[in-house]
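Worksheet: one structure, shown below.
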Amino acid sequence: MIDLLSLTLAELQQVLASYGMPAFRAKQIFHYVYQQFVFQWDQMTLLPKKDRIVLQEKLRIFIPPVLSTLASEDGTTIKLLLSLQDGHTVETVLMRHDYGNAICLSTQVGCAVNCSFCASAKNGFIRNLTVGEMTAQLLVFRAYVTPELHSIVLMGTGEPLLNYDAVLAFLRHIHEKETFYLGYRNMTLSTSGIVPKMYDLAKENIPLNLAISLHAPNDVLRRTIMPIADVYPLEDILKAADHYFSETHRKVTFEYILIRDVNCTTACATEVVRLFARKNVLINAIPINDNYDVGLYRPTTKMMQRFVRIVKNGGISITLRREMGSEIQAACGQLRIQREKVDSI
Ligand code: SAH
């Protein structure tokens, strides 16, 4: 069966043509699905009944069932665990900001990158998500939680640049007028620093925001928490980031999880200043969600403020991210891992 949510309008028109249906039906179907959130063929009453019967057989509109929902006490963060067709699960998070709603999407089931602080990779990499499965994460939120959507961030489970083709096709898909009409400036792709793919991304000619998971100001320390640092040294990542900025004119953000006794020292802060001297970047410091399995914990507020102050005084833009959803384990894959633990008991 063809997965409708993976198709662009032009692709759907081609598929319909092969069934002898006119092209304008594709727009009608997209309107039902993306504007009205109608996911049953028999409810698309503008389509002739005989066409609906054919479509029912050939095209699947797979909306993943919600296995669990977690909302933070203040209601600003809602996290869903979705069940895919092959039984794997994926997490999606809605964050209500002052400027609007942002949805944090997963791009893979599991992750191969294996950063020590991140729950996503604990059971390894399983598979890439399809365009349809990424689209479905957005649709579930819009249809069942809130239709309002300001932006998306690819910061859920997975390394988006290791699922490059599907991720790019997905971003183009949700940019279309007939789907979500979301601007590229309202999309952020976060990467652990897959250098060759960062150069590819710069060539795509789309003004996408790029976020880079830095987490340490030198390779020696970075390698201890991010094995990918063995493959791509910081110098190459920074060069690729500069290149991305010069090609796209989009400011690059660096994410820096603050981990007690690991990367939050005065020496680390000073090194961050040196690393980014005279560069036009923004550092997004994020208090780690404690990871008891590997013994990584949040620094005290005082330590975090000291880190931020030193970087700021060094002339670098830095914000300390307001924590969202730590009580519902919003960070990367923690809900999915919990579920798998329960399943395997
Ligand atoms: N693979 C991509 C996208 C995954 S999102 C990447 O590495 O960028 C990665 C982001 O999730 C991190 O930069 C961080 O902002 C957040 N994150 C992951 N684990 C976390 C944890 N334990 N606590 C807080 N934030 C975490």
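The values are calculated or read from the model by the stated rules, or taken from the named source; none is laboratory data. Small disclaimer: the values here were computed from a predicted structure and weren't measured. No Cβ is skipped: glycine too gets one built from the backbone with ideal geometry, and neighbour counts run over all protein chains shown. Protein only, heavy atoms only, side chains kept; ligands, DNA and RNA dropped before computing areas. Shrake-Rupley method; radii C 1.70, N 1.55, O 1.52, S 1.80 Å.
Mind checking which pairs have a first residue in the stretch 112-132 that is in contact (Cβ under 8 Å) with a residue 60 or more places away in the chain and a second that is assigned to a loop (DSSP other than H, G, I, E, B) and charged (D, E, K, R), Cβ under 6 Å, 6 or more apart or different chains?
113/159
How about the stretch 77-91: which of its residues are open to solvent by 30 Å² or more (accessible area, probe 1.4 Å) and either aromatic (Phe, Trp, Tyr) or under 19 Å from the mean Cα position of the chain (by Cα) (or both)? Give the steps one after another, and end with the answer.
Quick first cut of the stretch 77-91, residues open to solvent by 30 Å² or more (accessible area, probe 1.4 Å) only: 85-88.
Correct list: 88 only.
Specify which of the listed residues (42, 51, 74) is surrounded by 17 or more Cβ atoms within 10 Å (Cβ to Cβ) and of a type in the set (D, E, K, R).
Details: 42 fails: surrounded by 17 or more Cβ atoms within 10 Å (Cβ to Cβ); 74 fails: surrounded by 17 or more Cβ atoms within 10 Å (Cβ to Cβ).
Testing whether each residue is surrounded by 17 or more Cβ atoms within 10 Å (Cβ to Cβ) and of a type in the set (D, E, K, R) leaves just 51.
Mind listing whichever residues of the stretch 237-266 are within 15 Å of residue 279 (Cα to Cα) and part of a helix (DSSP H, G or I)?
Across the stretch 237-266, the qualifying residues are 237, 238, 239, 240, 241, 242, 243, 244, 245, 246.
Name, by its number, the condition in (1) in a helix (DSSP H, G or I); (2) open to solvent by less than 40 Å² (accessible area, probe 1.4 Å); (3) more than 12 Å from the ligand (Cβ to nearest atom) that does not hold for residue 199.
Among (1) in a helix (DSSP H, G or I); (2) open to solvent by less than 40 Å² (accessible area, probe 1.4 Å); (3) more than 12 Å from the ligand (Cβ to nearest atom), residue 199 violates only (2).
Taking only the stretch 19-39 into account, find how many residues are among the aliphatic types (A, V, I, L, M) and open to solvent by 90 Å² or more (accessible area, probe 1.4 Å).
Within the stretch 19-39, the first condition is being among the aliphatic types (A, V, I, L, M), and the residues that meet it are 21, 23, 26, 29, 33, 38.
Now narrow it down to the ones that are open to solvent by 90 Å² or more (accessible area, probe 1.4 Å): none.
The qualifying residues number 0.
Can you pull out the residues in the stretch 259-285 that are near the ligand (Cβ under 9 Å from one of its atoms) and surrounded by 21 or more Cβ atoms within 10 Å (Cβ to Cβ)? Spell out the reasoning first.
Filtering the stretch 259-285 down to residues near the ligand (Cβ under 9 Å from one of its atoms) leaves 259, 284.
Across the stretch 259-285, the qualifying residue is only 259.
Go through the stretch 291-322 and report how many residues are in a loop (DSSP other than H, G, I, E, B), free of Cβ contacts under 8 Å to residues at least 12 places away in the same chain and not basic (Lys, Arg). Give the derivation first.
We begin by selecting, within the stretch 291-322, every residue in a loop (DSSP other than H, G, I, E, B); these are 292-295, 297-300, 314-316, 321-322.
After this cut, where a residue has to be free of Cβ contacts under 8 Å to residues at least 12 places away in the same chain as well, the list is 292, 295, 322.
Add one more test, that the residue is not basic (Lys, Arg), and what stays is 292, 295.
Summing the residues that are in a loop (DSSP other than H, G, I, E, B), free of Cβ contacts under 8 Å to residues at least 12 places away in the same chain and not basic (Lys, Arg) in the stretch 291-322 gives 2.
For the stretch 73-94, indicate whether the set of residues that are of a type in the set (A, V, I, L, M, F, W, C), touching a residue at least 24 places away in the same chain (Cβ under 8 Å) and farther than 18 Å from residue 133 by Cα is non-empty.
yes
Residues in the stretch 48-55: is at least one in contact with a Lys or Arg (Cβ under 8 Å, 6 or more places away or on another chain) and assigned to a strand (DSSP E or B)? Steps first, please.
Residues of the stretch 48-55 in contact with a Lys or Arg (Cβ under 8 Å, 6 or more places away or on another chain): 51.
In the following step, the residues that additionally are assigned to a strand (DSSP E or B) were identified as none.
Checking the stretch 48-55: not a single residue is in contact with a Lys or Arg (Cβ under 8 Å, 6 or more places away or on another chain) and assigned to a strand (DSSP E or B).
Report yes if some residue within the stretch 177-186 is in contact (Cβ under 8 Å) with a residue 40 or more places away in the chain, more than 14 Å from the ligand (Cβ to nearest atom) and touching a Pro at 6+ places or on another chain (Cβ under 8 Å); otherwise report no. Steps first, answer last, please.
Keep residues of the stretch 177-186 that are in contact (Cβ under 8 Å) with a residue 40 or more places away in the chain, which gives 178-180, 185.
Now drop any that are not more than 14 Å from the ligand (Cβ to nearest atom), which leaves 178-180, 185.
Retained after the next criterion (residues that are touching a Pro at 6+ places or on another chain (Cβ under 8 Å)): 185.
Yes, the stretch 177-186 contains a residue that is in contact (Cβ under 8 Å) with a residue 40 or more places away in the chain, more than 14 Å from the ligand (Cβ to nearest atom) and touching a Pro at 6+ places or on another chain (Cβ under 8 Å).
Criterion first (away from the ligand (no atom under 15 Å from the Cβ), surrounded by fewer than 22 Cβ atoms within 10 Å (Cβ to Cβ), in contact (Cβ under 8 Å) with a residue 24 or more places away in the chain and not acidic (Asp, Glu)) does residue 238 satisfy it?
Details: away from the ligand (no atom under 15 Å from the Cβ): yes; surrounded by fewer than 22 Cβ atoms within 10 Å (Cβ to Cβ): yes; in contact (Cβ under 8 Å) with a residue 24 or more places away in the chain: yes; not acidic (Asp, Glu): yes.
Yes: the conditions hold for residue 238.
Would you mind stating whether residue 181 is farther than 22 Å from residue 112 by Cα and either assigned to a helix (DSSP H, G or I) or open to solvent by less than 20 Å² (accessible area, probe 1.4 Å) (or both)?
Details: farther than 22 Å from residue 112 by Cα: yes; either assigned to a helix (DSSP H, G or I) or open to solvent by less than 20 Å² (accessible area, probe 1.4 Å) (or both): no.
The answer is no for residue 181.
Can you tell me which of 155, 187 is under 12 Å from the mean Cα position of the chain (by Cα) and open to solvent by 20 Å² or more (accessible area, probe 1.4 Å)? Spell out the reasoning first.
Working: 187 fails: open to solvent by 20 Å² or more (accessible area, probe 1.4 Å).
Every option except 155 fails the conditions.
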